[in-house]
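The structure appears below as structure tokens.
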Amino acid sequence: MRPRDDAPVRQATLPDALPGHPAARSAVAPFGRTLAAFTLTAVLVSGQLYVVLPLLHDMATGWGASAGGLTWLVTAFGIGYGIGFLVFGPLSDRLGRRRLLMLGLPLAAVTTALVAASPGPEVAFALRVLQGLAVATFPPAGMAYLAERLEPRRRVVAIAAVTGAFLASAVLLQVASQLLVDAIGWRGLFLLSAAGFALAALGLRAVMLPDLPRAATGSLLSAYRSVPALLFDRVLLLRYAATIVLMIGFVAVYTGMQIYGVTSSSGELLALRAGGLPSIVLVPLLMPWLGRISATTRVVSLLSLGALALAVIGFADAAALGLALLLAVYVAAITGGLPSLNESVSSRAGQARGTALALFSFALAVGGSVGPQVAAAFGGFAPLMFGLAVAMAAGAVAVLASTRLKETRLAFLRATADR
């Protein structure tokens, strides 16, 4: 018998819609309105991690602090965001997707508005943790809703679009932040985001179908039972480590451009940020072709490409145009590497797929929160590029090693079966 690509980790079945219940046969969600509402919300949600990067100097001036020290505002949000994935992923299975979002998004509006009123960095750090927790209700509940309630032939398109929106938010929210900060200030930008969350709650309330009835089995804590087994799986650990490295690099590159002044004008910096958008749009269109290659091979190849692009940036000291092109290659590697890592984690997890992907999202949040601190620690843009290039190459090696572990385990199992 041909061995499976990955030996899955076992998990107890999570509560699902009651079989035969009329709600389980209810009409599917409207595709166009649902896609629009969820995509726009995804941009706003994920963009809160990055929105402060162009604001660091303005916030530092207002509070009399250093811009490097205020990178903890990104880290603080990432901590809350990552913890929220672990809490709300399983919880959405028990409470229902719509109910959780109708609680989480208004709370996100309130906490975001409170950040705008922060009298100093210390209060802002604490409020950013709470903001991250509230915002984290959307990704697990939202993606699960799309998988459950959209017409099957349209689910792939919707999930790909929302995933692309999560990535595009890194560029879109930074560009919007840089364009608007002079007009409304950094506090005004947070108030604008708070209003966006209130509108998102209303929009999702209008398009989402009522929650499916669910058969609650076991205690609330039983939904978290599979987490230890996943965390101690060596193959998954290596892939989670590569995920963290990938996201550290993505955030650190954009943070480094801000704090190290890689260009002499705000217009060039704006162009560098926007230069990643074509890669974010085009790479998903190539995924059907790239999908013919195994997920782990894709990850290793794309991480290696990203490492090469960063090394060239460090060596070349390129002008704005050359830097924009190299960054586009790097963003393309990230855009293709993330869903490929997602796929490799999912294939390994088996029935524990939902929890494994919540841990994958947690790894992304960890990387995103650490990225600004990594950028600030290097003391210059070129050393940062060299350091991130080495880290991405190490990430590629980790994924390759996870594949070797898998092959060794399968060979052992086959040898044991032959005896």
**Prompt:** Can you find a residue in region 203-226 that is within 20 Å of the chain's Cα centre (by Cα) and either at pLDDT 90 or above or not polar (S, T, N, Q) (or both)?
**Reply:** no
**Request:** Please identify the pairs in which a residue from region 227-240 that is in contact (Cβ under 8 Å) with a residue 40 or more places away in the chain has its Cβ atom under 8 Å from the Cβ atom of a residue that is buried (at least 16 other Cβ atoms within 10 Å of the Cβ) and basic (Lys, Arg), counting only partners at least 6 apart or on another chain.
**Result:** Asp233/Arg348; Val235/Arg348; Val235/Lys406; Leu236/Arg348; Arg239/Arg348
**Message:** Filter region 84-102 down to the residues that are farther than 20 Å from Leu146 by Cβ and either among the small types (Gly, Ala, Ser) or touching a residue at least 60 places away in the same chain (Cβ under 8 Å) (or both) and list them by number.
**Reply:** Leu86
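Mind checking which helices (runs of 4 or more DSSP H) fall wholly inside region 248-339 and carry at least 3 residues that are buried (at least 20 other Cβ atoms within 10 Å of the Cβ) and modelled with pLDDT of 80 or more? So that I can check it myself, show each step before the final result.
Working: elements: 266-274, 277-290, 295-316.
Those helices (runs of 4 or more DSSP H) span 295-316.
For region 45-60, which residues satisfy the criterion of being in a helix (DSSP H, G or I) and among the hydrophobic types (A, V, I, L, M, F, W, C)? Can you show your working first?
Within region 45-60, the first condition is being in a helix (DSSP H, G or I), and the residues that meet it are 45-47, 53-60.
If the condition is that a residue be in a helix (DSSP H, G or I) and among the hydrophobic types (A, V, I, L, M, F, W, C), then Val45, Leu53, Leu55, Leu56, Met59, Ala60 are the ones that fit.
Kindly indicate which of Thr61, Thr111 is hydroxyl-bearing (Ser, Thr, Tyr) and under 23 Å from the mean Cα position of the chain (by Cα).
On the way: Thr61 fails: under 23 Å from the mean Cα position of the chain (by Cα).
That would be Thr111, the only listed residue that is hydroxyl-bearing (Ser, Thr, Tyr) and under 23 Å from the mean Cα position of the chain (by Cα).
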**Message:** From the list Ala352, Ala417, Ala358, exactly one residue is at pLDDT 75 or above and not assigned by TED's automatic domain parsing to the domain that holds Trp72. Which is it?
**Reply:** Ala358
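The values are calculated or read from the model by the stated rules, or taken from the named source; none is laboratory data. Small disclaimer: the values here were computed from a predicted structure and weren't measured. With ideal geometry, Cβ positions are generated from the backbone for all residues, glycine too; neighbour counts draw on all protein chains shown.
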